[in-house]
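> Once you've had a glance at the structure underneath, I'll fire off some questions.
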Amino acid sequence: MSDKHETAARTADALPDQQPNQLPDEIGGARDATHWAKAVSRLNVSQVPEGAINLNVTGKRLTSPIQGFGKMWQKTYQVRLPQERVSATDLIATWKQRFPDFWPEGNRFYAPLTGIEPGEVALLNMTLPGRMKLSTGVMVLYADEESFTLMTPQGHMFAGWITFSATEKDGETVAQAQVLMRASDPIFELGLTMGGHKQEDRFWNHTMREVAAHFGEIAVVDTQVVCVDKRRQWSRWSNIWHSSAIRSTVYMLGAPVRAVRARLGGKSTG
Amino acid sequence: MTESTATFDVRQIGPASIVDIRGDVTSGSEDVLMSAYDAAGNAKSIVLNFSELSYMNSGGIGLLVTLLVRVNRQSQKLLAFGLSDHYRQIFELTRLDEAVGIHDSEQAALRAAGAG
């Protein structure tokens, strides 16, 4: 568990397009104003935590499902807990605070030092089928007391967002993770159809069970998968240029060369 | 979060259907929004009026993406007006502005819909 719980030494800042410290009154007085990230053109990671690879985040744009390639899916994973054990707001507060703890082994979420707050960027090191390592990230798009949403950048496995929420109903607190996504490019789309969807289901089932277990419940995960749009957006095939899978693989293959260069550089300067 | 407090009233103007949105748009608004879309019928353009929107979370934005898919499937256009600076920023942030035509006024939106 310790290897995936990275209390990062601060990850990232977004590059604001707009005035960074606008008050709600200055942006129309909307009640949700402080819950949303400020508009950004491209992501920027100012400090990379030890062990994290910032390979596919800096300089990337955010991508909604509109910019993705593959079929559009909405996947919902829910667990139910007794309300007397945890309220919706307490559950979300804990989830934000301990987010990396609930992930499956082999996957790391380098949380921002300031926590899951709107506009913060987190780096991810994932393990895909075939033990392939993939480096990417997410930005906190939205966060309030009952929910938070992570949005993906260009090159991520999927274009879209994941919303984590909790609600209270009939004496139960329902924790939910909901993914709205398209595979970013043709390779990831192929990967999803060849086992990727099942792996993603396993990933979030594990996460939801861990959330429930944290509150002392052995929960059954209710999974609902809806194909929102069966059409693939072929005009987006060129997203493959940003593919974090390809870029991560090239980076890994270049590791020996970088090691030799570093050694030679160290000798010449030492 | 699951209960909807938003209303979606539909007006037909020529080839466009205007959906007047009032209140809080969250994921709980799905049924009422989709009912409004069904009521909009076979309009060539669906025009969303956000001038009375008071709150929207990420679930609400997700609903708009889902609506966009349905609109595209019917070869309709999705337009919007009445967005405050704050909600315009959110449309830019989530890149919805690349798929939804955003206009300053109802007249401008209707002109774009071919109903002005």
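The values are calculated or read from the model by the stated rules, or taken from the named source; none is laboratory data. Here the structure is a predicted model, which means the values were calculated and not measured. Cβ coordinates were reconstructed from backbone atoms using ideal geometry, including for glycine residues, and neighbour counts include every protein chain displayed.
> Which of the residues spanning the stretch A:84-136 are among the β-branched types (Val, Ile, Thr), modelled with pLDDT of 95 or more and outside any loop (DSSP other than H, G, I, E, B)?
A:THR89, A:ILE92, A:THR94
> Can you find a residue that is closer than 22 Å to B:ARG95 by Cα and in contact with a strand residue (DSSP E or B) (Cβ under 7 Å, 6 or more places away or on another chain) anywhere in the stretch B:22-32?
So far as the stretch B:22-32 goes, yes, one or more of its residues are closer than 22 Å to B:ARG95 by Cα and in contact with a strand residue (DSSP E or B) (Cβ under 7 Å, 6 or more places away or on another chain).
> OK, next. Please go through the stretch A:124-157 and pick out each residue that is under 21 Å from A:LEU91 (Cα atoms), polar (S, T, N, Q) and in contact (Cβ under 8 Å) with a residue 24 or more places away in the chain.
Selection gives A:SER147 alone.
> Still on this structure, I have one more. Return the only residue of B:ILE46, B:ILE90, B:ILE18 being in contact (Cβ under 8 Å) with a residue 24 or more places away in the chain, more than 22 Å from A:ARG231 (Cα to Cα), β-branched (Val, Ile, Thr) and away from chain A (no Cβ under 14 Å).
Testing whether each residue is in contact (Cβ under 8 Å) with a residue 24 or more places away in the chain, more than 22 Å from A:ARG231 (Cα to Cα), β-branched (Val, Ile, Thr) and away from chain A (no Cβ under 14 Å) leaves just B:ILE18.
> Which members of the stretch B:29-50 meet the condition of being crowded, with 19+ Cβ neighbours inside 10 Å and not in a loop (DSSP other than H, G, I, E, B)?
B:SER29, B:LEU33, B:ALA36, B:TYR37, B:ALA40, B:SER45, B:ILE46, B:VAL47, B:LEU48, B:ASN49, B:PHE50
> For the stretch B:60-83, which residues satisfy the criterion of being in contact with a helix residue (DSSP H, G or I) (Cβ under 7 Å, 6 or more places away or on another chain) and more than 29 Å from A:VAL226 (Cα to Cα)?
Hits for the stretch B:60-83 are B:PHE81, B:LEU83.
> Can you tell me which residue within the stretch A:169-188, out of those that are crowded, with 24+ Cβ neighbours inside 10 Å and assigned to a loop (DSSP other than H, G, I, E, B), is nearest to the other protein chains (Cβ to nearest Cβ)?
A:SER184
> Is there any pair with a first residue in the stretch A:246-257 that is on the phi < 0 side of the Ramachandran plot and a second that is assigned to a helix (DSSP H, G or I) whose Cβ atoms are under 8 Å apart and which are 6 or more apart or on different chains, and what are they?
Between residues of the stretch A:246-257 that are on the phi < 0 side of the Ramachandran plot and residues that are assigned to a helix (DSSP H, G or I), the close pairs are A:ILE246/A:ILE187; A:ILE246/A:ILE240.
> Sticking with this structure for a sec: Among the residues of the stretch A:167-198, count how many are closer than 30 Å to A:ARG85 by Cβ and either over 18 Å from the mean Cα position of the chain (by Cα) or of a type in the set (Val, Ile, Thr) (or both).
9
> Does the stretch A:202-225 contain at least one residue that is in contact with a Leu (Cβ under 6 Å, 6 or more places away or on another chain) and within 25 Å of B:THR94 (Cα to Cα)?
no
> Does A:ALA166 meet the test of being assigned to a loop (DSSP other than H, G, I, E, B) and small (Gly, Ala, Ser)?
So A:ALA166 fails the test.
> Can you report the number of residues in the stretch A:197-255 which are surrounded by 15 or more Cβ atoms within 10 Å (Cβ to Cβ), part of a loop (DSSP other than H, G, I, E, B) and not basic (Lys, Arg)?
6
> Find the residue count for the stretch B:21-43, including only residues that are touching a residue at least 12 places away in the same chain (Cβ under 8 Å) and more than 13 Å from chain A (Cβ to nearest Cβ).
Final tally of qualifying residues: 14.
> Go through the stretch B:56-75 and give me each residue that's outside any helix (DSSP H, G or I) and either at the interface with chain A (Cβ under 10 Å from one of its Cβ atoms) or free of Cβ contacts under 8 Å to residues at least 12 places away in the same chain (or both).
Within the stretch B:56-75, B:MET56, B:ASN57, B:SER75 meet the criteria.
> Among the numbered conditions (1) within 14 Å of chain B (Cβ to nearest Cβ); (2) assigned to a helix (DSSP H, G or I); (3) of a type in the set (D, E, K, R), tell me where A:GLU145 comes up short.
So A:GLU145 meets the others, but not (2).
> In the set B:LEU53, B:LEU83, which member is buried (at least 22 other Cβ atoms within 10 Å of the Cβ), assigned to a loop (DSSP other than H, G, I, E, B), touching a residue at least 24 places away in the same chain (Cβ under 8 Å) and within 14 Å of chain A (Cβ to nearest Cβ)?
Unique residue meeting the criteria: B:LEU83.
> When residues of the stretch B:63-98 are filtered for being over 12 Å from the mean Cα position of the chain (by Cα) and small (Gly, Ala, Ser), how many remain?
Qualifying residue count for the region: 2.
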